[in-house]
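So that we are looking at the same thing, I have put the structure below in structure tokens.
The values are calculated or read from the model by the stated rules, or taken from the named source; none is laboratory data. Remember, predicted model here, so these are calculated numbers, not experimental data. Note: ideal-geometry Cβ built from the backbone for every residue, glycine included; neighbour counts use all protein chains shown.
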Amino acid sequence: MRTQVAIVGAGPSGLLLSQILAKHGVESVIVENRSQDYVLARIRAGVIEHGAVDVLTDYGVGERLHREGMRHDGVYLQWPGERRRIDFVESCGHSVWVYGQTEITKDLIATREADGQQIFWSVSDTAIVGADTDSPRVTFVDADGNAQSIEADYVAGCDGFHGVSRPTIPESVRSVRERIYPYAWLGILAEVAPSTDELIYALHPDGFAMHSMRSESVSRLYLQVEPDDDIANWSDDRIWDGLSTRMALDGWSLQSGPTLEKSITPMRSFVSAPLRWGRLFLAGDASHIVPPTGAKGLNLAIADVKRLGSALAAKYADGSDELLDRYSDDALERVWQSTHFSWWMTSMLHMPPPADPDRDFLLQMQLTQLKHVTTSKAAATMLAENYTGSVLPYP
């Protein structure tokens with residue numbers, strides 16, 4: 001096969017990149033090692049920055065988001081006995097939308113298939129060959145067991161943290177900076193109407209808790225747990241008891257309901273640079289991971305592929321390499337900004353491990369920070385600008 005851009009990975013970043021390229025008349029082929037059913041079943045982040053919403057809308061995949069998504073103009077920060085609101089619109093003039101990553105993936109797949117996009121699902125043995133030459137190739141075995149090869153001008157690695165794209169770049173070229181956090185998130189999807197009108201981030205001596213939502217009838221909630229904990233240790237009753245305790249507030253009650261899904265996710269900050277090697281470009285989780293506290297993972301992926309799609313479009317339109325040459329450095333500026341914000345939110349809201357000798361001291365620092373953020377206009381604006389993505393414009 002021959003195409004202009006070979007895309008490895010059919011998650012939101014790979015699918016959106018193909019959509020952006022198609023709008024600019026650039027051909028692409030996508031390969032994905034998972035089945036379409038698996039990709040559509042993955043439950044992921046659901047808070048979308050205003051700039052990411054604009055990108056999805058501009059490229060023709062925002063109609064259902066605007067119809068079914070929920071716009072949020074603020075967020076609640078809570079600690080024992082207190083719950084205070086940060087008003088995003090008042091602080092920075094922007095909002096966020098709650099719309100599940102699964103729904104974005106559905107919209108993208110439907111749009112790409114309607115346009116005749118070639119996607120190979122359930123492939124194996126994927127490899128990127130000759131990325132540092134003028135003739136890169138993606139080789140794989142398709143779902144029928146046939147060996148395939150895609151010749152391309154460029155390869156986009158959108159295959160996530162565990163994909164083949166990042167390891168294709170030699171270790172001598174890559175620099176990796178990482179932090180493993182001493183806690184994890186236990187997340188549940190519950191068939192119950194949200195007990196709040198906006199997201200709640202709660203600090204409690206027992207650990208962090210969060211109340212989010214996916215729709216008017218489905219809620220998404222999280223508890224801080226030990227990173228080596230087992231989901232089998234957490235019955236539904238224990239989960240709801242933990243959530244009720246950590247988010248307790250006079251005059252407010254948490255509504256419980258049937259649990260549809262539950263899992264434990266370790267937390268890490270990870271950045272691998274550069275995002276380019278020869279004709280291979282990385283985007284999204286293939287090059288960077290952030291803890292979910294700041295709701296940045298999906299938004300960073302959207303910003304990456306918007307930047308990469310525009311750079312490739314410019315190359316094919318007028319032959320200019322300028323945006324492609326700047327891609328890695330420009331993308332990393334936003335990556336590190338979001339990595340810092342995610343680290344800051346995580347540190348402010350999660351209890352240190354019980355064995356930490358400075359635990360009580362750190363708790364007092366966290367409480368002081370929360371009070372400052374919710375009473376200082378400047379501090380509230382800093383949080384709002386970062387949370388809504390306004391601190392750096394989308395490319």
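Tell me which strands (runs of 3 or more DSSP E) are completely within segment 21-97 and hold 3 or more residues being over 30 Å from L349 (Cα atoms) and touching a residue at least 60 places away in the same chain (Cβ under 8 Å), or say none if there are none.
Output list reads 28-31.
Next up: Within segment 267-279, work out how many residues are of a type in the set (A, V, I, L, M, F, W, C) and in contact with a Phe, Trp or Tyr (Cβ under 8 Å, 6 or more places away or on another chain).
The number of residues fulfilling the criteria is 4.
Still on this structure: Any chance segment 244-256 includes a residue that's in a loop (DSSP other than H, G, I, E, B), of a type in the set (A, V, I, L, M), surrounded by fewer than 18 Cβ atoms within 10 Å (Cβ to Cβ) and over 21 Å from the mean Cα position of the chain (by Cα)?
yes
Scan segment 165-190 for residues that are more than 24 Å from H350 (Cβ to Cβ) and either surrounded by fewer than 20 Cβ atoms within 10 Å (Cβ to Cβ) or of a type in the set (G, A, S) (or both) and report the count.
Residues in segment 165-190 being more than 24 Å from H350 (Cβ to Cβ) and either surrounded by fewer than 20 Cβ atoms within 10 Å (Cβ to Cβ) or of a type in the set (G, A, S) (or both): 8 in total.
Residue-wise test of (1) modelled with pLDDT under 95; (2) out of contact with any strand residue (DSSP E or B) (no Cβ under 9 Å at 6 or more places or on another chain).
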| residue | (1), (2) |
| --- | --- |
| V218 | yes, no |
| Y222 | no, no |
| W234 | no, no |
| D250 | no, yes |
| E261 | yes, no |
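Sticking with this structure for a sec: Quick check on E27: is it closer than 25 Å to R166 by Cβ and not assigned by TED's automatic domain parsing to the domain that holds Y222?
Against the criterion (closer than 25 Å to R166 by Cβ and not assigned by TED's automatic domain parsing to the domain that holds Y222), E27 qualifies.
To keep it simple, each residue is scored yes or no on (1) modelled with pLDDT of 95 or more; (2) surrounded by fewer than 19 Cβ atoms within 10 Å (Cβ to Cβ); (3) over 19 Å from the mean Cα position of the chain (by Cα); (4) basic (K, R).
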| position | (1), (2), (3), (4) |
| --- | --- |
| V8 | yes, no, no, no |
| S18 | yes, no, no, no |
| V26 | yes, no, yes, no |
| N33 | yes, no, yes, no |
| V39 | no, no, no, no |
| M70 | no, yes, no, no |
| Q78 | yes, no, yes, no |
| G100 | no, no, no, no |
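Of the residues V176, V192, which single one is β-branched (V, I, T), in contact (Cβ under 8 Å) with a residue 12 or more places away in the chain, farther than 22 Å from E103 by Cα and out of contact with any His (no Cβ under 7 Å at 6 or more places or on another chain)?
V176
Let me ask another. Might you check whether a residue that is outside the structural domain of A152 (by TED's automatic domain parsing), more than 16 Å from Q78 (Cα to Cα) and outside any helix (DSSP H, G or I) occurs anywhere in segment 357-364?
Yes; the residues of segment 357-364 include at least one that is outside the structural domain of A152 (by TED's automatic domain parsing), more than 16 Å from Q78 (Cα to Cα) and outside any helix (DSSP H, G or I).
Conditions tested, residue by residue: (1) on the phi > 0 side of the Ramachandran plot; (2) at pLDDT 95 or above; (3) buried (at least 19 other Cβ atoms within 10 Å of the Cβ); (4) in contact with a Lys or Arg (Cβ under 9 Å, 6 or more places away or on another chain).
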{"residue": "W277", "(1), (2), (3), (4)": "no, yes, yes, yes"}
{"residue": "L282", "(1), (2), (3), (4)": "no, yes, yes, yes"}
{"residue": "A295", "(1), (2), (3), (4)": "yes, no, yes, no"}
{"residue": "D304", "(1), (2), (3), (4)": "no, yes, yes, yes"}
{"residue": "A317", "(1), (2), (3), (4)": "no, yes, no, no"}
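If I filter segment 219-234 for residues that are surrounded by 21 or more Cβ atoms within 10 Å (Cβ to Cβ), in the same structural domain as L367 (by TED's automatic domain parsing), touching a Leu at 6+ places or on another chain (Cβ under 6 Å) and assigned to a loop (DSSP other than H, G, I, E, B), do I get at least one hit?
Scanning segment 219-234 turns up no residue that is surrounded by 21 or more Cβ atoms within 10 Å (Cβ to Cβ), in the same structural domain as L367 (by TED's automatic domain parsing), touching a Leu at 6+ places or on another chain (Cβ under 6 Å) and assigned to a loop (DSSP other than H, G, I, E, B).
Say we look at segment 258-317 and pick out the residues that are within 20 Å of the chain's Cα centre (by Cα) and part of a loop (DSSP other than H, G, I, E, B); which of these is farthest from M213 (Cα to Cα)?
P274
Out of the residues in segment 332-390 that are surrounded by fewer than 18 Cβ atoms within 10 Å (Cβ to Cβ), among the aromatic types (F, W, Y) and in contact with a strand residue (DSSP E or B) (Cβ under 8 Å, 6 or more places away or on another chain), state the one that is farthest from P182 (Cα to Cα).
Only one residue tops the list, namely W336.
Scan segment 320-330 and tell me whether some residue there is in the same structural domain as V47 (by TED's automatic domain parsing), touching a Gly at 6+ places or on another chain (Cβ under 8 Å) and touching a residue at least 12 places away in the same chain (Cβ under 8 Å).
For segment 320-330, residues in the same structural domain as V47 (by TED's automatic domain parsing), touching a Gly at 6+ places or on another chain (Cβ under 8 Å) and touching a residue at least 12 places away in the same chain (Cβ under 8 Å): absent.
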